[in-house]
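Okay, so here's the structure we're looking at.
The values are calculated or read from the model by the stated rules, or taken from the named source; none is laboratory data. Because the structure is predicted, anything quoted here is derived from the model rather than measured. Glycine gets a Cβ as well: all are built from the backbone with ideal geometry, and neighbour counts include every protein chain shown. These accessible areas exclude ligands, DNA and RNA; they are computed on the full protein's heavy atoms, side chains included. Shrake-Rupley method; radii C 1.70, N 1.55, O 1.52, S 1.80 Å.
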Amino acid sequence: MQHKFGKSQSLKRLEDVRFLTGAGRYLDDIAPATALHAAFLRAPAAHAEIRSLHLDDARAMPGVVLVLGAADLAANGVATDQPYDTFEGAPQPPRPLLARDRVRFVGEAMALVVAETAAAARDAVEAIGFDLAELPVHIQLAPGGAPIHPEAPDNLAFTWDTGDAVATEAAFARAAHVVRQRVVHNRVIVNSVEPRAATAEWIDGRLHFHVNGQGVWDQKAEFAAAFGIDPAQVRVTTPDVGGGFGMKSTGYPEFTPLALAAKLTGRPVRWISERTEAMLTDNGGRDLVTEAALAFDADLKIIGYRVDLDCAMGAYNAPFGAYIQSELFAKVLTGAYDIPAAHLRVRGIYTNTTQTDAYRGAGRPEAITTLERVVDRAARVLGIDPWELRAKSYVTSFPYRTATGELYDVGDFPRVAARARAEADEAGFEARRAASEAEGLLRGLGTCFYIESILGSPTEAAEVEFRDDGTVNLYVGTQSNGQGHETVYAAFLSERTGIPVEAIRVVQGDSDRIASGGGTGGSRSVTTQTNATLATVDTMVAAFRPFVAAELGVETVDWADLGFRAPGSNLVLTLAEAADRARRAGREDLLKHRAEATLPGRSYPNGAHLCEVEIDPETGLIRLDRYSVTDDFGNLIHPMLVEGQVHGGIAQGMGQAMMEGAVWDETGQLLSATFMDYAMPRAADMPFVKFTTEPVPSTANLLGMKGCGEAGTVASIAAVSNAVLDALAPLGIEEVEMPFRPAKIWTQIEAARLS
């Protein structure tokens, strides 16, 4: 039976039955029974010279089939380094796939063992002998220290700036008020439910690489380059994925050695990361310090904004590391405010830690958190209501080009803010604060108005194939990591064509079956993919028209009300019926249709978050009591999924603000490498989230959509932080670094009481 629903209505997730009944197809579920098991020898020191590496004892262990070191990669003619991008003129030290000469962070892969069982592979790893001469470790987020790479003697990975430094300095020189704020953005570990995993096999001279990633085409190109083969000899596939969050968007050093091992053994080779291994080696997020300053005129309008940013790159520049920490930060530097002069200066610093790259909206949460923290600080310093201060500087005329070059097409920030304040019952806050104080508790209200720049690649394709059994395949170039793409894409195609939603199968993650795609990242998926689907529907309808007209015995037909209609008659054919006739007529050309579409520009989701916290001064324990968000996501395609994305994003932002944080000691050892030492938010930590929308449709796509996937995180870090600082402000506490753990808060409160 076809599900009945109207446009932009929520349909329960189609994929959830599969997931909840244990029928999901994740990497570890689909590895071939004949596959060998792989394990990596990981560096135990953060910085050391490799004096010797003895692999022969491991090779002699029971069940071991192959052991590879860095020299074996070169001996077999494959790439020895992972490619990455950085800014022009910046140092470009190599990133070895397997360490050679030196290790630079705890967990760096030194050798690969392949064995008949996972236990045999792990035992053989323990049998590898090595001699490391430890070197001085640099973990400080500042230039200098012992060089990690000869190419970067001051451990400076890059410098980059944008905006107008001269105009910004002039704005500060004439400012009536200047407010400064230092914000430490703590390092977070992604911790996707499903760790990174891969299986490599060679079939008839072609590499088939299964990976739980966020797109297959970049990795297809990397393998072709690494092995010096034609891209046609590489197939990359991705099954169900248990979370990506940006961390799985790129290739990793483990992948080429795994593929080589499969080639040399002639058997499939499988690997799945263990949890501590993941914490040591997955690309991390955040880990930067910003020094920000706002300049105000006499009327308290913002006239200038300056940010100096130092970001930890880790030991190596990850594939998109420099870009993530710099240009994405710049895209929303000035937020929703009309700031005529702004300047951003970024320094990337090499440290003997795991590399940083992407984590749910990387760049944008850091930028908005910095801006909204300094705006709230300014409200306290200047003695003004934080919303009144914001209102003085909102962008109100569109289109609007920011000081760093972003072109906002539409928006109504005052309207969204007013709705958010009403929905959050801001007017009742003082009464709630008084009630908390009567119980000896501190209550704070935190606000954040955010804007996000989304898109990634503006181009995407879609293909619709009518199959002999009456079902339809929809081929897409994005990659679900659990967001519900199967549901939203099938529902969208159904509402545009009349094809029953249960007859539509979404096909993704296969470089053989799908010619190209942009993968998933940057909140791009639904916006770009539905735009491409619209183009495919238009192509399909145009192709069918003459055939249907001939079938109905008329000169032309109209496409209306999800069917082909002969003008002036009751003759109607649905698209499914037309496809069935085309099949019986031998018109195979009408059974598959593909179109590619490119969006003309970005869209800019925005909104306001209001968070209330209670703090017990006797324990330092913080409780999130109320949370309300009003978003402008433009037109919603699937409201239920949107709300779920926002809830998840808020949980992630709350996790960073309240509890998460990777910690290294002075020797570069990760002290938070298990869930005993690294806290993650649980359901009990979250309040009820009130979610409303105040849409202003985008002009950058035909559907008026704006991306939503990362918006919750972008705003929630600042909203929670500002709530905590608002609660502590009466005690004279001006600053606390994230995460706001109870011991830290209690210590600050006790110090304030004694001062």
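Numbers at a glance
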item: First in region 616-633 and of a type in the set (Lys, Arg), second anywhere and open to solvent by 10 Å² or more (accessible area, probe 1.4 Å) and in a strand (DSSP E or B), Cβ under 7 Å, 6 or more apart; result: Arg623/Glu614
item: Answer from Leu300, Leu333 - the residue that is assigned to a loop (DSSP other than H, G, I, E, B), within 30 Å of Val416 (Cα to Cα) and in contact with a Gly (Cβ under 9 Å, 6 or more places away or on another chain); result: Leu333
item: Single unsatisfied condition, Gly244 versus (1) modelled with pLDDT under 95; (2) in contact with an Asp or Glu (Cβ under 7 Å, 6 or more places away or on another chain); result: (2)
item: Given (1) in contact with a Leu (Cβ under 8 Å, 6 or more places away or on another chain); (2) touching a residue at least 24 places away in the same chain (Cβ under 8 Å), index of the condition Leu552 fails; result: (2)
item: Members of region 212-269 found to be open to solvent by 30 Å² or more (accessible area, probe 1.4 Å) and assigned to a loop (DSSP other than H, G, I, E, B), listed by number; result: Gly228, Ile229, Asp230, Phe245, Ser249, Gly266, Arg267
item: Answer residue from region 123-135, given it is over 14 Å from Leu68 (Cα atoms) and in a helix (DSSP H, G or I) and is most open to solvent (accessible area, probe 1.4 Å) among those; result: Glu126
item: In region 28-43, residue surrounded by the fewest Cβ atoms within 10 Å (Cβ to Cβ) [restricted to those that are of a type outside the set (Val, Ile, Thr) and out of contact with any Phe, Trp or Tyr (no Cβ under 9 Å at 6 or more places or on another chain)]; result: Ala33
item: Residue list for region 170-192, restricted to those being among the hydrophobic types (A, V, I, L, M, F, W, C), in contact (Cβ under 8 Å) with a residue 60 or more places away in the chain and over 14 Å from Asp287 (Cα atoms); result: Ala170, Ala171, Phe172, Ala175, Ala176, Val178, Val179
item: Filter result for the condition that a residue is buried (at least 17 other Cβ atoms within 10 Å of the Cβ), in contact (Cβ under 8 Å) with a residue 60 or more places away in the chain and in a loop (DSSP other than H, G, I, E, B), over Glu735, Glu666, Glu660; result: Glu660
item: Selection within region 669-722 - in contact with a Phe, Trp or Tyr (Cβ under 8 Å, 6 or more places away or on another chain) and assigned to a strand (DSSP E or B); result: Leu670, Val689, Lys690, Thr693, Met705
item: Candidate set: region 50-99, residues that are of a type in the set (Asp, Glu) and farther than 23 Å from Ala121 by Cα; chosen: the one most open to solvent (accessible area, probe 1.4 Å); result: Glu88
item: Failed item, numbered, when Thr713 is tested on (1) over 18 Å from Glu614 (Cβ atoms); (2) open to solvent by 60 Å² or more (accessible area, probe 1.4 Å); result: (2)
item: Residue check for Gly470: in a loop (DSSP other than H, G, I, E, B), open to solvent by 30 Å² or more (accessible area, probe 1.4 Å), more than 26 Å from Ala197 (Cβ to Cβ) and not β-branched (Val, Ile, Thr); result: yes
item: Subset of region 544-559 that is open to solvent by 40 Å² or more (accessible area, probe 1.4 Å) and among the small types (Gly, Ala, Ser) - its residue that is modelled with the highest pLDDT; result: Ala550
item: Test: residue in region 527-543 that is part of a loop (DSSP other than H, G, I, E, B) and either surrounded by fewer than 21 Cβ atoms within 10 Å (Cβ to Cβ) or in contact (Cβ under 8 Å) with a residue 12 or more places away in the chain (or both); result: no
item: Of all residues making up region 136-150, the number that are over 11 Å from Gly668 (Cα atoms) and open to solvent by 50 Å² or more (accessible area, probe 1.4 Å); result: 4
item: Subset of region 483-509 [in a loop (DSSP other than H, G, I, E, B) and in contact with a Ser or Thr (Cβ under 9 Å, 6 or more places away or on another chain)]; result: Gln483, Gly498, Ile499, Pro500, Gln508, Gly509
item: Hey, Gly482 touching a helix residue (DSSP H, G or I) at 6+ places or on another chain (Cβ under 7 Å), at pLDDT below 95 and surrounded by fewer than 24 Cβ atoms within 10 Å (Cβ to Cβ) or not; result: no
item: For Arg602: the one exception among (1) of a type in the set (Lys, Arg); (2) surrounded by 16 or more Cβ atoms within 10 Å (Cβ to Cβ); (3) over 21 Å from the mean Cα position of the chain (by Cα); result: (3)
item: Candidates Asp287, Asp310, Asp338 - the one that is over 28 Å from Asp85 (Cβ atoms) and open to solvent by 10 Å² or more (accessible area, probe 1.4 Å); result: Asp338
item: Of residues in region 644-694 being among the small types (Gly, Ala, Ser) and touching a Ser or Thr at 6+ places or on another chain (Cβ under 6 Å), the one nearest to Asn606 (Cα to Cα); result: Gly649
item: Residue within region 567-590 that is hydrophobic (A, V, I, L, M, F, W, C), part of a loop (DSSP other than H, G, I, E, B) and buried (at least 23 other Cβ atoms within 10 Å of the Cβ) present; result: no
item: Number of the exception - Ala109 against (1) farther than 24 Å from Tyr316 by Cα; (2) in contact with a Pro (Cβ under 9 Å, 6 or more places away or on another chain); (3) crowded, with 18+ Cβ neighbours inside 10 Å; result: (1)
item: Residues located in region 486-498, provided they are closer than 21 Å to Tyr26 by Cα and surrounded by fewer than 23 Cβ atoms within 10 Å (Cβ to Cβ); result: Glu486, Thr487
item: Filter pass, Thr747 being open to solvent by 30 Å² or more (accessible area, probe 1.4 Å), outside any loop (DSSP other than H, G, I, E, B), at negative phi and hydroxyl-bearing (Ser, Thr, Tyr); result: yes
item: 2 or more residues free of Cβ contacts under 8 Å to residues at least 24 places away in the same chain and among the hydrophobic types (A, V, I, L, M, F, W, C): qualifying helices (runs of 4 or more DSSP H) within region 17-91; result: 70-75
item: Test: residue in region 606-628 that is open to solvent by less than 10 Å² (accessible area, probe 1.4 Å) and over 30 Å from Ile745 (Cα atoms); result: yes
item: Within region 669-684, considering residues that are of a type outside the set (A, V, I, L, M) and open to solvent by 60 Å² or more (accessible area, probe 1.4 Å), the one nearest to Asn186 (Cα to Cα); result: Asp677
